[in-house]
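The values are calculated or read from the model by the stated rules, or taken from the named source; none is laboratory data. The shown structure was predicted, so the numbers you read here are calculated from the model rather than taken from an experiment. A quick note on method: Cβ atoms are made from the backbone with ideal geometry, for glycine too, and the neighbour counts reach across all protein chains shown.
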Amino acid sequence: MENVLIVDDEKEILDLMASAVSRWGYNPIVAENGDAAVKKLEAHPIDVVITDLRMPKKNGIELLQHIREKDDSTSVIIFTGYPALQSAIDSMKSGAFDYLLKPVDLAQLKIKLDKAIKEKQARQGAKVLKNMNWALLISIPFWLILGIILLKTLR
C-alpha cells in the first residue's frame, strides 16, 4: 500500500483528506506543518506528498525544495487557498507534480493522486529494467569465457 503524506495546518482539511485517501486504498500519514512533514519523511517511505502552500514554520514550496534535495522520486501535489500565478510558477519550477486550488475537489485530487502513483510505479519499473539490462551487459564477458572453456573441455 502506497504511503501518502498530507500536510496542512488546518486539522479539518487533514482529517477530510486522510479519510478520502484511506478510502481510495492508500495509507495516509498526516503532518500539521512543514517541519512535522520533514520528520514524517525521515520516518516513513513516502510515495506522494499532498501539501498546503501557506503554512507556518515551513511553507509548501520550502517543503517541496527540501524533498527535491533528498529524493527526486517523491511526487508532490501542492494546493492553496491563496492562488497566485507566481506561486503556481514557483511550485512547478521547484518540481511540483501538480497545483490545485482550495477548496480541493476530492474527485480531481483522486485523479491527480492516482496519476502520480502510476507515474512513480512506471519510473521504478524503468529503473529495474535499466538495472537488469546493465547486469546482463556486464555478464556477457563471463558467458563468453565460460563458452570458450566448455568448448576446450569438450575437444
Revision key, fill the gap. For GLN65, the lone unmet condition from (1) closer than 21 Å to LYS110 by Cβ; (2) without any contact (Cβ under 8 Å) to a residue 40 or more places away in the chain is (1)
**Study point:** the range 1-29, subset under 17 Å from LYS102 (Cβ atoms) and β-branched (Val, Ile, Thr), residue farthest from the chain's Cα centre (by Cα)
**Key:** ILE13
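Which one is nearest to ASP71 (Cα to Cα) among residues in the range 107-126 that are of a type outside the set (Val, Ile, Thr) and surrounded by 16 or more Cβ atoms within 10 Å (Cβ to Cβ)?
LYS120
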Review point. Residues VAL49, VAL30, VAL128, VAL76: which one is β-branched (Val, Ile, Thr) and either modelled with pLDDT under 95 or part of a helix (DSSP H, G or I) (or both)?
Key: VAL128
Exercise for review: Could you grab me the full set of residues in the range 92-118 that are at pLDDT 90 or above and either of a type in the set (Gly, Ala, Ser) or within 14 Å of the chain's Cα centre (by Cα) (or both)?
Suggested key: ALA96, PHE97, ASP98, ALA107, LYS112, LEU113, ASP114, LYS115, ALA116, ILE117, LYS118
Review point. If you take the residues in the range 79-121 that are part of a helix (DSSP H, G or I) and among the basic types (Lys, Arg), which one is nearest to MET55 (Cα to Cα)?
Key: LYS93
Exercise for review: Collect the residues in the range 34-57 that are in contact with a strand residue (DSSP E or B) (Cβ under 7 Å, 6 or more places away or on another chain), surrounded by fewer than 19 Cβ atoms within 10 Å (Cβ to Cβ) and farther than 17 Å from SER73 by Cβ, keeping them in residue-number order.
Suggested key: ARG54
Review point. Does any residue in the range 12-25 that is touching a residue at least 12 places away in the same chain (Cβ under 8 Å) come within less than 6 Å, Cβ to Cβ, of a residue that is of a type in the set (Lys, Arg) six or more places away or on a different chain, and which pairs are these?
Key: TRP24/LYS110
